[in-house]
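In what follows, a single structure is set out as structure tokens and then discussed.
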Amino acid sequence: MPIREAVADDWPRIWPFWHRIVAAAETYAWDPDTSEEDARALWMAPGKRVFVAEDTTGAVVGSAYVTPNYGGPAAAVANAAFMVDPDHTGRGVGRALAEHVLRTAAADGYRAMVFNAVVETNPAVKLWTSLGFTILGTIPEAFDHPTHGRVGLHVMHRAL
């Protein structure tokens with residue numbers, strides 16, 4: 001599966017699934033009503049390395065970014081976010097993006113990666129633990145899930 005650095009022209013191909021995922025309010029602690037302009041500023045912000053995964057036809061089926069989680073003396077800890085077009089889940093897109101981002105972050109000199117708010121009901125928790133992430137703690141009832149009600153948010157970590 002081709003994975004490459006995103007360019008500005010990729011945003012119109014990312015936005016439809018980005019919007020669908022965030023509007024569902026099941027896996028991201030971002031406002032479900034985020035405008036396209038604000039979403040683009042969030043996802044494609046300067047300082048983030050953004051990637052896209054493409055299928056065999058060249059369609060963008062997933063995207064991810066890596067960025068410092070902290071600044072200054074703690075800048076060696078990365079943060080990342082991943083989105084896979086819901087029409088392409090279960091095909092290894094998320095795993096391929098995750099492996100790519102982990103390799104890239106390590107090559108860029110990051111020593112660890114942390115996820116600050118992983119919804120505990122998110123199926124990706126299984127992926128992250130299979131890739132060596134551990135749950136450092138859970139903030140109880142921190143996320144109002146549309147189906148499950150109040151659920152926790154995991155803080156997850158992996159050394160690189």
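The table for this structure:
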{"read-out": "Whole-number accessible area per residue in Å² for segment 56-160, which is evaluated in the context of all protein chains at 1.4 Å", "value": "49 Å²"}
{"read-out": "Local electrostatic count at residue 93 - Lys and Arg +1, Asp and Glu -1, tallied over other residues with Cβ under 13 Å", "value": "-3"}
{"read-out": "Per-residue HN-Hα couplings for segment 14-28 [Karplus 6.51, -1.76, 1.60; θ = phi - 60°; Hz; x = Gly/Pro]", "value": "8, 3, x, 7, 4, 4, 4, 5, 5, 5, 5, 6, 10, 10, 10"}
{"read-out": "Segment 43-160, accessible surface, carbon-and-sulfur percent (1.4 angstrom probe)", "value": "54 percent"}
{"read-out": "Rounded, prolate or oblate (a/c below 1.5 giving rounded, otherwise prolate when a/b exceeds b/c) for the chain by Cα gyration tensor", "value": "rounded"}
{"read-out": "Rounded, prolate or oblate (a/c below 1.5 giving rounded, otherwise prolate when a/b exceeds b/c) for segment 1-70 by Cα gyration tensor", "value": "oblate"}
{"read-out": "In Hz, Karplus ³J(HN,Hα) per residue of segment 51-59 (6.51, -1.76, 1.60; θ = phi - 60°; x = Gly, Pro)", "value": "10, 10, 10, 10, 8, 5, 8, x, 6"}
{"read-out": "Over the chain: helical MRE at 222 nm, DSSP H runs n ≥ 4 each giving -39500 (n - 2.57), nearest 500", "value": "-8500 deg cm²/dmol"}
{"read-out": "Whole-angstrom gap from segment 75-153 to segment 1-70, using each part's C-alpha centre", "value": "14 Å"}
{"read-out": "Prolate/oblate/rounded label for segment 85-156 (Cα gyration tensor, a/c 1.5)", "value": "oblate"}
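The values are calculated or read from the model by the stated rules, or taken from the named source; none is laboratory data. Everything numeric here is computed off the predicted structure, so don't read it as measured data. Here Cβ is always computed from backbone atoms with ideal geometry, including for glycine, and neighbour counts include all displayed protein chains. These area figures cover heavy atoms from the full protein model, side chains too; ligands, DNA and RNA do not enter into them. Shrake-Rupley method; radii C 1.70, N 1.55, O 1.52, S 1.80 Å.
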